[in-house]
Amino acid sequence: MLSPFMPPSPGCFDACPQADEPPSPDGLSCSLTVPGEPYSAQIARSTVRSVLHAHRLDRVVPAAVQVVGELMAAAWYLDPGRSLYLALRHREAALRLTVYDGHASHAHPRLAAHCEARRRTALRVMAAVVRDCGGAWGFGESREPGGGTRTWASLPVAGAAGYLVVRPGPAS
């Protein structure tokens, strides 16, 4: 019988990650619910910055922070006052940022088209960042209970790592 005061066998520690080892990027899975308020974009940006640092993904921070700030700002603008949900995942060498807001799809086609145009306009900067990183983005009806809209961006780590990197220009 093992005593609760006896340490586990040394082999157990070899298989388990040590407390001083940072988690791997592949284990990154984080979600956060914030109020539908203007300051929530700053909370989301700070959280993403910290989570990416903890998972050794500092090289993608500039692109990811820009994208998440734009996603949160657009979600707040289109559905102010209601909670916003952010999910951050790293899978297959890409970072996926998803924001859920409570703004449901409109039944009338003209209203739906107008709303879609407003969302695309609000996300112009984000779309440019995603394009520069070689990623993709989109939005659609949320599959979450309560409905709303799910807006997402996928940033390949290789492309996002090059975002805002100053490259030498041609010699004059």
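The values are calculated or read from the model by the stated rules, or taken from the named source; none is laboratory data. Bear in mind the structure is a predicted one, so any value in this text is a computation, not a measurement. For neighbour counting, all protein chains shown are included, and Cβ atoms are generated from backbone atoms with ideal geometry for every residue, glycine included. All accessible areas refer to the heavy atoms of the entire protein, side chains included, with ligands and DNA or RNA removed. Shrake-Rupley method; radii C 1.70, N 1.55, O 1.52, S 1.80 Å.
When every residue of region 150-171 is checked against the conditions, none turns out to be open to solvent by 50 Å² or more (accessible area, probe 1.4 Å), in contact (Cβ under 8 Å) with a residue 40 or more places away in the chain and farther than 30 Å from PRO23 by Cβ.
Pairing residues of region 99-112 that are of a type in the set (Asp, Glu) with residues that are in a helix (DSSP H, G or I) and at pLDDT 80 or above, at Cβ distances under 9 Å and at least 6 apart in sequence or on separate chains, gives ASP101/ALA74; ASP101/ALA75; ASP101/TRP76; ASP101/LEU78. Scanning region 131-146 for residues that are closer than 17 Å to ALA75 by Cα, buried (at least 17 other Cβ atoms within 10 Å of the Cβ) and out of contact with any Lys or Arg (no Cβ under 8 Å at 6 or more places or on another chain) yields a total of 1. In the set ALA73, ALA44, ALA63, only one residue is modelled with pLDDT under 95 and in a helix (DSSP H, G or I); that residue is ALA73.
If I filter region 79-108 down to residues being assigned to a loop (DSSP other than H, G, I, E, B) and at pLDDT 85 or above, which single residue comes out as most open to solvent (accessible area, probe 1.4 Å)? Per the criteria, the residue is GLU92. Pairing residues of region 119-133 that are free of Cβ contacts under 8 Å to residues at least 60 places away in the same chain with residues that are open to solvent by less than 30 Å² (accessible area, probe 1.4 Å), at Cβ distances under 7 Å and at least 6 apart in sequence or on separate chains, gives ARG119/ALA74; ARG119/LEU78; ALA122/ALA74; ALA122/LEU78; LEU123/ALA74.
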